[in-house]
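Here's the structure, in structure tokens; my notes come after.
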Amino acid sequence: MYTDLEDLHDRSGSTALLALRAAALLAALGGAGAWLGASGPSLARAVASGGVLLDPESVRWLDPQRFGARRVLFLGQRVDGAADVHVATVRTAPGDRVLKLSDVSNLTRSPDASEALLCSDGTWAAFATQVDERFVAVTALQVGGAPPREAGRGLGERLREAVTRWQQTGRAQGYEVDRFELVRPAASLQLSLEGGRLTMVADGSRTVIALRERRAIEGAARVRHQRRLPGTTGWVTWMVDTVRAIPWIGATPIAWLEHVAFGLQHEVARARVSIGEDHSRDEVAEDLADLLGGDASANPEGAVVNWPPAPMRPPLPGALPREGQWIAASADDPFVARNPGAPPAFYQSFVRTDRERPDTRVYVTLWDPRQVSLHVVPGSQEPMGSTGELGTGTVPRDAATLGRLAAGFNGGFQALHGEWGVFAESTLFLPPKPWGATIAVLEDGRTGFGSWPGEAPAIPPGFAEFRQNLTSLVEDGVFNPYRRTFWGGNVPGAPPGESHTARTGLCQTRDDAVAFFWGRGLTERSLADAMLAARCTYGVHLDMNGANTGFEFLRVTPRDQTPPLARRIAAGHEAEGPVPSAPAFTYRARRMVRGMDEMGFPRYIKRDPRDFFYLLMRPVLPGAALRGAVSPALPGEGEWRVSDFGPHPFPWPWRGRACALTPATPSAG
């Protein structure tokens, strides 16, 4: 997403501003609903007053006739829209005439699909999803009782989830959602619910789902299960999104407030610099303190060709200490993953690029894609596919993935800010946009960069995942080749000017490495200039504003194999604990830069409602030393030597570098 209030917070935070936001939120959320008279209209007429056309045959009351509010499910649609499943909270008179309509919530929001065959037994509800006159999925809702509380989620997270669920569904508990995709879309479908079992007959083939166990007990090969689970961001991002979703507020007032706030912040910062209050030297020492104390530049068996690349050349005069120089974590860093016997896969540095604001810095994390692969996670709430699909919001919890996990970082703008393409978890959530700046994961494990061709909208062969955002920020060493004028942070009718805020980006360098960029008070130009200083050949602008941005180093080990730390965890920028939903594993997390803004840290080891990227270590030679059966070992026993293999002392995996994308097929570079 591209406009938020997060950057109104400096490092010390703003309690008064947060309280003001909370007051506005509570006022906005309180007391919705309208009394419709003593006799009351029918449900169809009451709902139609809000612009929703109700199918009378689909009405399913979830609560019995009683004094007080009742919930009702029904299929409804807006004019020229597809049918969606809605839930409403109403007070009724005898004959189910409506006295008060509290809210009408759309539970599916799938513009390219129609929901049908709604049924309910009071505890569960189910419905089918139809695309192009064929049934593609069946979804089950737990509508009776409170869903089980997930372990490992703090009070703040549960509170935010409850408010979000209430806003989306009219119920703080929300509704547990399980989607069962049909492996083969069906022309005919029948649904029935009885005793906690969902029976579907698709084109004559019967499948039975045990809903409490969330599994097929008959015909399992005919369906694929996808469970929708909540996720939560930090307080500030959550509050902005919650207020923005209130219909009578919307996005425009928030965007204007941010525009004014960013401008004021920039002017205050300029004034401080003009009177000599630039503390960049001390702030860099603090931000990179986890790296500056170690010596990790030495590679085993001598230097490796093209790694790390040559230092960046600082664009501004009077370079600060270590500015532009690549610094690696030490070999025994417990927070940064590393292949045994291999050179460091990650290096970090920083540059200053804004002559008007020399106090701003762009921090860069560089990795070698021959050792590191990139992957996309679609969020648990955003983006939603046009036919109702949602992502897991989590890094896969299998042991092979967790054991190689190295980092996580933010994705791109929310779907409501451009609907840029997202393809992951074998699902096309948003189709690719022509000329969209694209970060792709290829089937052979490489990371690809390129602009999506305007004449070839189909997904080329060889693509496993991709994420788009805007057009390219840098391409072939040129800033903004498509002459884009909007890079987020601007609002209609506002005076022209660049918005100074936290921004992030990702690029492929001339040396075929991949680099992530983050900094406060940046414009699109100062971010791009950092990419050019790093010799990027293709650069993509990712998400922006403080609490939406962040990069975390992650290291996961089996709980019984986690070595103890020699010191205490540094609260605020380091964390340790059991992996959510995989308690047999322990994670350690550290921010890329100590002073990164609050973003619900650690964020990317949890489930996130928004999409993000994660990094895995790729298996490479030589690997860990062998362990002999006899102790003590002889000198050099079990150690791999690579110094006799010619001018390339480190045997890299084949075809591991990042590559440029061609219009039709992936590059072989």
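The values are calculated or read from the model by the stated rules, or taken from the named source; none is laboratory data. As the structure is a prediction and not an experimental result, all values here were calculated from the model. Heads up, the Cβs are rebuilt from the backbone with ideal geometry, glycines too, and the neighbour counts pull from every protein chain shown. Calculation scope for accessible area: heavy atoms of the full protein, side chains included, ligands and nucleic acids excluded. Shrake-Rupley method; radii C 1.70, N 1.55, O 1.52, S 1.80 Å.
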At a 1.4 Å probe, what is the % contribution of carbon and sulfur to the accessible area of region 385-482? 58
What is the distance in Å between the Cα centres of region 548-581 and region 506-525? 26
Highest-first arrangement of 613-619, 500-506, 588-594, where packing means the average Cβ count within 10 Å: 500-506, 588-594, 613-619
Of all accessible surface on region 56-165 at a 1.4 Å probe, what whole percent is carbon and sulfur? 52
Packing-ranked peptide list from 45-55, 340-350, 210-220, 415-425, highest mean Cβ count within 10 angstrom first, is 340-350, 415-425, 45-55, 210-220
How big is the C-alpha Rg of region 501-589 next to the rule-of-thumb value 2.2 N^0.38 Å, as a ratio? 1.42
Share of pairwise Cα separations in region 356-465, more than 20 Å, in percent: 48
Quick one: 3J(HN,Hα) in Hz for region 198-210, Karplus 6.51/-1.76/1.60 with θ = phi - 60°, rounded, Gly and Pro as x. 9, 10, 10, 10, 10, 6, x, 9, 9, 10, 10, 10, 7
Which far-off residues, 5 or more places away or on another chain, put their amide H under 5 Å from the one on residue 62, with H placed in the peptide plane? 71, 72, 73
